[in-house]
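The values are calculated or read from the model by the stated rules, or taken from the named source; none is laboratory data. Since we're looking at a predicted model, the values are computed, not measured. Please note: Cβ atoms are built from the backbone with ideal geometry, for glycine as well, and neighbour counts cover all protein chains shown.
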């Protein structure tokens, strides 16, 4: 009897061994990722300490001048350029992406939805330098002769749209970023909409709702937390994009006054300056820019988590 019990206990421990190994390995890898992020942040903070000590955190973040000759460095123009270009991209890409996702998930026939989805996802595989070249030779002349000229002539009395239509600038960078984040938002939003239970749709149809009413009152509200997450994910990519933006934004160190001004993002500033930067205060200032971008990205993820949980709360309650 005792021998049988021991054999059963041994068999139970042996059967649980793979689960224990898997759980322990997963926990170890998860903490390794967190440790890697903490290590990166620590190294950036240590390497940028000279700049923050010399100028002060507030003065460096709010500084408007970047002058290597006089060793004066400020991050505000690049923070504004990063946020402005990403905001323009989000304003352009979000409605297009959500409507596209709704069409692919709810309205398009399967024989059309699948190839269209594949083609949209294929945009994400295009190297950013190729998109940047297309932006320089095709997009910027097109924007200069059409959208920007019209906006300046019609809305130039508004400070946001003032200035000459140069083609290259914040607006062109925003359009390029919108193209680059479009596949991310479309793909994630489509998957979220497709995963909405069929009972949601059937209940609306049973009440006599039209297709439009079903999509807007049952499907999209149920999937809104995932859609918000998709938009935030696209914004995260827009904040860190480098090459394509560098090629069309104009790379000016001045604080932009309108969306048609030339500007520079944190990523493009680091990419265009780091190889030529002198060791010391200038290099430390560039690393400080990288630390600011990391903090912005982390704050974005925290806000996204809170926003998604708040949006998902009413859906769960329903």
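A few notes on this one:
- For segment 299-309, the condition of being at pLDDT 80 or above, buried (at least 17 other Cβ atoms within 10 Å of the Cβ) and in a helix (DSSP H, G or I) holds for none of the residues.
- Residue within segment 182-197 that is within 20 Å of residue 247 (Cβ to Cβ) and either within 14 Å of the chain's Cα centre (by Cα) or not assigned by TED's automatic domain parsing to the domain that holds residue 266 (or both) present: yes
- Any hit, segment 107-125, residues being over 19 Å from residue 236 (Cα atoms) and not in a helix (DSSP H, G or I): yes
- The requirement of being in the same structural domain as residue 94 (by TED's automatic domain parsing) and out of contact with any helix residue (DSSP H, G or I) (no Cβ under 9 Å at 6 or more places or on another chain) is satisfied by residue 153.
- In the condition set (1) assigned by TED's automatic domain parsing to the domain that holds residue 180; (2) at pLDDT 85 or above, residue 27 is compliant with all but (1).
- In segment 239-266, of all residues being more than 17 Å from residue 140 (Cβ to Cβ) and modelled with pLDDT under 90, the one that is surrounded by the most Cβ atoms within 10 Å (Cβ to Cβ) corresponds to 239.
- Count - residues of segment 154-198 that are touching a strand residue (DSSP E or B) at 6+ places or on another chain (Cβ under 8 Å) and outside any helix (DSSP H, G or I): 3
- Hits in segment 56-82 - residues which are assigned to a helix (DSSP H, G or I) and free of Cβ contacts under 8 Å to residues at least 12 places away in the same chain: 57, 58
- Qualifying position, being surrounded by 12 or more Cβ atoms within 10 Å (Cβ to Cβ) and within 20 Å of the chain's Cα centre (by Cα), among 102, 98: 98
- Of the residues examined, residue 201 is one that is at pLDDT below 85, in the same structural domain as residue 148 (by TED's automatic domain parsing), surrounded by 14 or more Cβ atoms within 10 Å (Cβ to Cβ) and part of a helix (DSSP H, G or I).
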